[in-house]
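A.B. asks: One structure, as structure tokens, below. Some questions next.
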Amino acid sequence: MGTVAEARRDEALDCAKGIAIFAVVLFHVTRGFTASGQLSNSFGSRFADTFAYGFHVQTFFLIAGYLAFSKADDGRYQLRRQASFYYTYL
């Protein structure tokens, strides 16, 4: 029988966080392969790398931050809190 915490889990958030984690691992690995010369440093790979680094870590932190704070339901609080991640990134 599941606990109360399991009953309230949002599977969409779990999936989104899993995808973000997978993207972090994938693009760290591909950067290593590119740096070692095992993958070509083509325009497509550079574009994919730049695109991925523009969102995957921030997405993970956004979701983790949403789930970690008791004020997570307050949209204005979340906007201020999560914007600080992007401000640092930019």
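A.B. asks: Just checking, which of PHE51, PHE69, PHE85, PHE27 is at pLDDT 75 or above, open to solvent by 50 Å² or more (accessible area, probe 1.4 Å) and out of contact with any strand residue (DSSP E or B) (no Cβ under 9 Å at 6 or more places or on another chain)?
C.D. replies: Working: PHE69 fails: at pLDDT 75 or above; PHE85 fails: at pLDDT 75 or above; PHE27 fails: open to solvent by 50 Å² or more (accessible area, probe 1.4 Å).
Being at pLDDT 75 or above, open to solvent by 50 Å² or more (accessible area, probe 1.4 Å) and out of contact with any strand residue (DSSP E or B) (no Cβ under 9 Å at 6 or more places or on another chain) holds for just one of PHE51, PHE69, PHE85, PHE27, which is PHE51.
A.B. asks: Give the residues of the range 31-48 that are within 27 Å of GLY65 (Cα to Cα) and open to solvent by less than 90 Å² (accessible area, probe 1.4 Å), sorted by residue number. Talk me through it step by step, then tell me what you get.
C.D. replies: Within the range 31-48, the first condition is being within 27 Å of GLY65 (Cα to Cα), and the residues that meet it are 31, 48.
Result: ALA48, single match.
A.B. asks: Okay, next question. Out of curiosity, is GLU11 closer than 21 Å to ALA64 by Cβ, at pLDDT 80 or above and surrounded by fewer than 11 Cβ atoms within 10 Å (Cβ to Cβ)? Step through it out loud before you land on a result.
C.D. replies: Values: closer than 21 Å to ALA64 by Cβ: yes; at pLDDT 80 or above: yes; surrounded by fewer than 11 Cβ atoms within 10 Å (Cβ to Cβ): yes.
Judged against the criteria, GLU11 is a match.
A.B. asks: Hey, another quick one. Within the range 18-46, work out how many residues are among the small types (Gly, Ala, Ser), assigned to a helix (DSSP H, G or I) and farther than 25 Å from LEU62 by Cα.
C.D. replies: Of all residues in the range 18-46, those among the small types (Gly, Ala, Ser) come to 18, 20, 23, 32, 35-37, 40, 42, 44-45.
Subsequent filtering for residues that are assigned to a helix (DSSP H, G or I) retains 18, 20, 23, 32, 35, 44-45.
Now drop any that are not farther than 25 Å from LEU62 by Cα, which leaves 32, 35, 44-45.
So the count comes out to 4.
The values are calculated or read from the model by the stated rules, or taken from the named source; none is laboratory data. Please read these numbers as outputs of a predicted model, since none were measured by experiment. Cβ: placed from backbone, ideal geometry, glycine included. Neighbour counts: every protein chain shown. Ligands, DNA and RNA are stripped out before the accessible areas are found, and what is left, the full protein with its side chains, is counted by its heavy atoms. Shrake-Rupley method; radii C 1.70, N 1.55, O 1.52, S 1.80 Å.
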